[in-house]
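Visitor: So that we are looking at the same thing, I have put the structure below in structure tokens.
The values are calculated or read from the model by the stated rules, or taken from the named source; none is laboratory data. These figures come from a predicted structure and were not determined experimentally. Counting neighbours? That spans all protein chains shown, and the Cβs are built from the backbone with ideal geometry, glycine included.
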Amino acid sequence: MTIEIDDSGTSEIVGGAFIGMYRRETRKMLFWKLPVYLFDEYGWAVKMPMFKIVDLIIEGLRKLNQYFN
């Protein structure tokens, strides 16, 4: 199984950022929007974006495994 993971907008936060997962074999995609507040001064200080992204990746892997096994 090949899963590609990518982000969009995390270097220039204007309207939020996105995390996407793509499974090549089935051409299925999952996307999540990360709200802007995760990237404010407090969010960066406590690493909120990183923790949220890890949670979303785990969720995505579970969903892709559930859908396609």
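Visitor: Out of the stretch 14-29, which residues are surrounded by 14 or more Cβ atoms within 10 Å (Cβ to Cβ) and within 14 Å of Thr2 (Cβ to Cβ)? Spell out how you get there, then give the answer.
Guide: In the first step, residues of the stretch 14-29 are kept if they are surrounded by 14 or more Cβ atoms within 10 Å (Cβ to Cβ); the result is 16-23, 28.
Those that are surrounded by 14 or more Cβ atoms within 10 Å (Cβ to Cβ) and within 14 Å of Thr2 (Cβ to Cβ): Met21, Tyr22, Arg23, Lys28.
Visitor: Now for a separate question. Enumerate the pairs (first residue in the stretch 1-18 and under 12 Å from Lys52 (Cβ atoms); second residue anywhere and modelled with pLDDT under 85 and basic (Lys, Arg)) with beta-carbon separation below 7 Å, excluding pairs fewer than 6 apart on the same chain, so at least 6 apart or on different chains.
Guide: none
Visitor: Let me ask another. Could you list all residues from the stretch 30-54 that are exposed (fewer than 12 other Cβ atoms within 10 Å of the Cβ) and in contact with a Phe, Trp or Tyr (Cβ under 8 Å, 6 or more places away or on another chain)?
Guide: none
Visitor: Moving on to the next point. In the stretch 10-39, which residues are at pLDDT 85 or above, within 14 Å of the chain's Cα centre (by Cα) and in a loop (DSSP other than H, G, I, E, B)?
Guide: Within the stretch 10-39, Pro35 is the sole residue that qualifies.
Visitor: Among the residues that make up the stretch 48-68, is at least one of them part of a loop (DSSP other than H, G, I, E, B), at pLDDT 85 or above and not aliphatic (A, V, I, L, M)?
Guide: No, the stretch 48-68 contains no residue that is part of a loop (DSSP other than H, G, I, E, B), at pLDDT 85 or above and not aliphatic (A, V, I, L, M).
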